[in-house]
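Derivation of every value follows stated rules applied to the coordinates shown; laboratory data play no part. The shown structure was predicted, so the numbers you read here are calculated from the model rather than taken from an experiment. Positions of Cβ are backbone-derived with ideal geometry, glycine not excepted, and every protein chain shown enters the neighbour counts.
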Amino acid sequence: MTSLSVNVNKIALLRNSRGRDFPKLVNFVERLVNLGVKGITVHPRPDERHVTRQDVTDISVFLKLYSDVEFNIEGYPSEEFMALVSQASPAQCTLVPDDPRQLTSDHGWDVAGNKKLLKDRVQRLKDIGVRSSLFFDPVPERVAEVVSVGADRIELYTEEYASHFGLESDQRIFEKYEATAAMATSLGIGVNAGHDLDLHNLRRFLDIPDILEVSIGHALVVECLLQGLEPVIEQYLAITAGQESESHYY
Ligand code: PXP
């Protein structure tokens with residue numbers, strides 16, 4: 001069984017575009033939890049363009065009410081980020097080698113090249129009881145490096161899988177992920193996955209055994225918009241036509 005962790009950054013982005021607290025992020029988290037979601041992910045960035053530091057605090061306080069829901073905070077492990085993680089005390093922290101100017105995460109760690117930093121950050125997470133995960137490219141030969149820094153899990157960066165899904169190259173790419181996951185599992189490292197996963201490509205990805213968690217944000221929000229379009233437009237058309245219409249959402 002794989003746990004779904006919903007990345008709520010896009011909801012925060014929508015809220016930030018208007019300068020008032022709508023949609024309210026914690027309400028969204030509450031709805032997700034009530035729907036049975038067992039994981040919430042945020043990726044706070046230094047410029048707070050999506051999720052803010054205050055959001056991280058608010059969500060962490062809210063999720064303390066739900067012992068079976070895991071909070072995952074991901075990001076570059078600067079001192080500021082580590083302080084936020086320490087204060088929020090999530091179940092898991094995913095370390096990502098992203099630059100503050102990057103649009104989105106686009107590569108995994110060069111673990112050997114960042115060994116000192118990662119060893120320190122993984123130990124500090126251990127000291128405060130937070131599970132560590134490293135964003136990681138599908139390269140089986142490099143999994144052993146993860147053991148040397150002591151991380152509990154890797155999160156496979158799945159953009160390459162998603163962009164090849166359904167193409168001729170699909171099987172060859174899938175096998176890289178399969179081999180990396182198998183190597184990690186054999187070395188006692190848990191395997192998460194995320195980036196560009198969606199309703200079309202997720203099922204096949206989960207043919208890989210022992211994927212513990214998938215974190216999904218962008219496509220999930222787009223799919224909610226697409227699948228919610230019909231009932232919402234029907235209600236607006238009813239109101240503008242002067243008919244009785246009851247909102248289902250507030
Ligand atoms: N994992 C990491 C490290 C990410 O940065 C992101 C995007 O914020 C995701 C997973 C989720 O990717 P997506 O939004 O494409 O589902």
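A few remarks follow.
- Taken across region 225-245, residues that are touching a residue at least 60 places away in the same chain (Cβ under 8 Å), among the β-branched types (Val, Ile, Thr) and in a helix (DSSP H, G or I) do not occur at all.
- Residues in region 206-224 that are out of contact with any Lys or Arg (no Cβ under 9 Å at 6 or more places or on another chain) and in a helix (DSSP H, G or I): ALA219, GLU223, CYS224.
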